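The values are calculated or read from the model by the stated rules, or taken from the named source; none is laboratory data. Given the structure is predicted, the values throughout are model-derived calculations rather than measurements. Because the Cβ atoms are built from the backbone with ideal geometry, glycine has one as well, and the counts that use them run over all protein chains shown. Ligands, DNA and RNA are excluded from the accessible area calculation, which covers all protein heavy atoms including side chains. Shrake-Rupley method; radii C 1.70, N 1.55, O 1.52, S 1.80 Å.
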Amino acid sequence: MQDTWQKYTAEALATFIFVFAAAGSVLANYQTGGSLGTLGVALVHGLALAAMIYAVWHISGAHLNPAVTIALWATGHIKTVTGIGYILAQLVGSVVAALFIKIIFTGVSPQYFLGTTALGTGVTTGMGILVEALLTFFLVWTVFATMVDKRGNHMLGGLCVGLIMAVAVMIGGHITMGALNPARWFGLALVSSHWINSWVYLAGPVIGGLVAGFVYHFGFMKKHGG
């Protein structure tokens, strides 16, 4: 039981740090007139994710993302109860991050909805879901290849996942802000009461994550007992 609660706590804390860093970078960029730029914001996302993966991988497996957890559950790598616990922990961490963002970035956060994700000008809901699904496919496929598959290079897993996260934000930042993670969206949306385009950040990552999980599990891993 103690080990189980350590896993849930690790997921909540690591997700809290990642979401705080991600949203904080968006707001800091706005607050300083764009000094970070797209590259800076993307690097914060990627570096924070990589750091948290290395920090808690030995405790919880470092999901930090409901899309990752759902993909692992759907392919039989985690049990249902564990998956539910992980997702709840991730969402709690996301909400706590949003509360700290609201307190710290008091001057800029209200007008930018705490740095939550949003569609770019002229981007339709369908296009947003497609972009989030595709980019999340890249992310979750990398997770399976480097962190789940026993043949993968686990020492470099966190770095690889962080790099693909940074690349995804650079590519999709102006389209969907590159969430790739329902927890990246949920807490900030809840605390700011900004629920516009919710399906983009729910359906997109979950669909992309599931497709990636099935593709890797059945196409690359199952035959080798990964």
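The condition (being over 14 Å from the mean Cα position of the chain (by Cα), modelled with pLDDT of 95 or more and of a type outside the set (Lys, Arg)) is satisfied by just one residue among Ala97, Ala74, Ala166, Ala67: Ala74.
Residue by residue through segment 16-47, note down the ones that are under 16 Å from the mean Cα position of the chain (by Cα) and either among the aromatic types (Phe, Trp, Tyr) or farther than 21 Å from Tyr112 by Cα (or both).
Let us first name the residues in segment 16-47 that are under 16 Å from the mean Cα position of the chain (by Cα), namely 16-26, 41-47.
Selection gives Phe16, Phe18, Phe20, Gly46, Leu47.
Scanning segment 107-123 for residues that are among the small types (Gly, Ala, Ser) and in a helix (DSSP H, G or I) gives a single hit, Gly115.
Among the residues of segment 95-146 satisfying the criterion of being among the hydroxyl-bearing types (Ser, Thr, Tyr) and in contact with a Lys or Arg (Cβ under 9 Å, 6 or more places away or on another chain), which is nearest to Met170 (Cα to Cα)? For segment 95-146, the residue satisfying everything is Thr117. If only residues of segment 107-119 that are among the small types (Gly, Ala, Ser) and open to solvent by 20 Å² or more (accessible area, probe 1.4 Å) are counted, the one that is modelled with the lowest pLDDT is Gly107.
Just to be sure before I move on: is Gly126 assigned to a loop (DSSP other than H, G, I, E, B), of a type outside the set (D, E, K, R) and surrounded by fewer than 20 Cβ atoms within 10 Å (Cβ to Cβ) in the structure I sent?
On the way: assigned to a loop (DSSP other than H, G, I, E, B): no; of a type outside the set (D, E, K, R): yes; surrounded by fewer than 20 Cβ atoms within 10 Å (Cβ to Cβ): yes.
For Gly126, the condition - assigned to a loop (DSSP other than H, G, I, E, B), of a type outside the set (D, E, K, R) and surrounded by fewer than 20 Cβ atoms within 10 Å (Cβ to Cβ) - is not met.
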